[in-house]
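Report on the structure given below.
Only the coordinates and a few stated rules stand behind these numbers; no lab work does. None of these values were measured; they are calculated from a predicted model. As a convention, Cβ positions derive from the backbone with ideal geometry for all residues, glycine included, and neighbour counts pool all protein chains shown.
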Ligand SMILES: NC(=O)c1ccc[n+]([C@@H]2O[C@H](COP(=O)([O-])OP(=O)(O)OC[C@H]3O[C@@H](n4cnc5c(N)ncnc54)[C@H](OP(=O)(O)O)[C@@H]3O)[C@@H](O)[C@H]2O)c1
């Protein structure tokens, strides 16, 4: 029997983490689970560790360590806590790490995972947008295979001819358009967090769901595609495809367009990543094309969803702008979810951040983290000072 693949999951309690657990649990002969991490949700972390027979768990917030130990008593699972343990959660000789911590909070654990794993499946786009060059450099340095999990990039990866990339004309990322695709600007101005997280096709964490509503998710994905596939901005296009069946496409110079299709179920790209370079059965949904009467494709409305324009502007301006875009968005989305700002404020805040670049040169990972912290501070101050009126209104 082939040796089991040793897998760790960063962000095991999230939507991606739990879908990964489902796929692993569907084929226990194939995988053994090394480390699982979470930040707050220690109960689900303990359940996942028991379900997957994990060797160790790491909880970011140390105040949960005792309670976590108590649940796992006698189960043979080692328990660690704190930010340092989280960063170093992935141990040497890991075959595959699934990186699924939301936001730039996942950057340092990802860098450590790259050092200690043969391959890393990246779901969390934020570290790639904020510090993509450093992430890819580290992967090159350690010979680590990067496997995209984001459904669009996973689709492109499956049909991208890496050996003859000069034959590629462009990639086309598909976008569902999110929950507000057909809403007017006036309706969107009053959107609540509850409405923004109600995605029509995908069941995801709160942050990425709000990103889908602003279409910032697609903006981040344009930058993610540039980092992962090395294509310039003009070779990365976006098409609205509300059915989310064609997960993205690669167009070749001879006019051939190759796509990957599937149900709107993240367990398919996750299974692809877990089994790579092989294929495995998944517990995920299957696509039934006979149930599809029509598939639609249309140009995105960049006036209604200016996030897309910002992504191209940031790629033109360079890595610092991409970092600013991501950091400001993370802070703004958190404030929106706490009902401190309105939905349109998210984009206004990002535009404020892009117009106020900190004077920092991105020479190292540390300088990227310094710039990230500076933007978060200036954006938080801006929300406190300039948007306090909205804040009072929202809370009333
Ligand atoms: N969900 C999808 O279908 C989907 C699709 C494509 C890409 N992605 C990307 O995958 C990533 C995860 O998305 P998700 O939907 O799975 O998010 P989620 O459901 O909110 O889960 C986030 C995970 O990250 C952990 N986490 C959050 N903040 C942390 C911090 N500061 N330190 C350490 N761990 C932290 C959470 O732990 P706790 O539970 O303890 O808070 C949880 O395990 C995002 O970058 C997203 O853009 C998601």
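Things worth noting here:
- Ranked list, fewest to most other Cβ atoms within 10 Å of each Cβ, for 165, 184, 19: 184, 165, 19
- Once both labels are positioned 7 Å from their Cα atoms along Cα-to-Cβ, the gap between residue 385 and residue 187 label points is 3.7 nm.
- Each part reduced to its alpha carbon centroid, the stretch 168-224 and the stretch 14-70 end up 29 Å apart.
- Length added when fully stretched, residue 95-residue 377, from 0.36 nm per residue minus Cα-Cα: 97.8 nm
- Pairwise FRET efficiency - residue 309 versus residue 84, Cβ, R0 = 51 Å, nearest 0.05: 0.80
- Here the label points at residue 51 and residue 70, each 7 Å from Cα along the C-beta direction, are separated by 2.3 nm in the simple model.
- Two-site FRET efficiency, residue 25 against residue 169, from Cβ-Cβ distance with R₀ of 56 Å, rounded to 0.05: 0.85
- Segments 27-39, 75-87, 354-366 sorted - mean Cβ within 10 Å per residue, highest first: 27-39, 75-87, 354-366
- Taking a ≥ b ≥ c as the square roots of the eigenvalues of the Cα gyration tensor, an a/c ratio of 1.5 or more together with a/b larger than b/c marks the stretch 254-396 as prolate.
- Gain upon complete extension [residue 293, residue 140; 0.36 nm per residue less C-alpha separation]: 50.6 nm
- Shape category assigned to the stretch 5-149 from the gyration tensor of Cα positions, a/c cut at 1.5: prolate
- Here the contact order of the chain, divided by its residue count and restricted to Cα pairs under 8 Å and six or more residues apart, works out to 14 percent.
- Helical mean residue ellipticity (222 nm; -39500 (n - 2.57) per DSSP H run of 4+; nearest 500) of the chain: -14000 deg cm²/dmol
- Among 368-380, 265-277, sorting by the average number of other beta carbon atoms lying within 10 angstrom of each residue, highest first, gives 265-277, 368-380.
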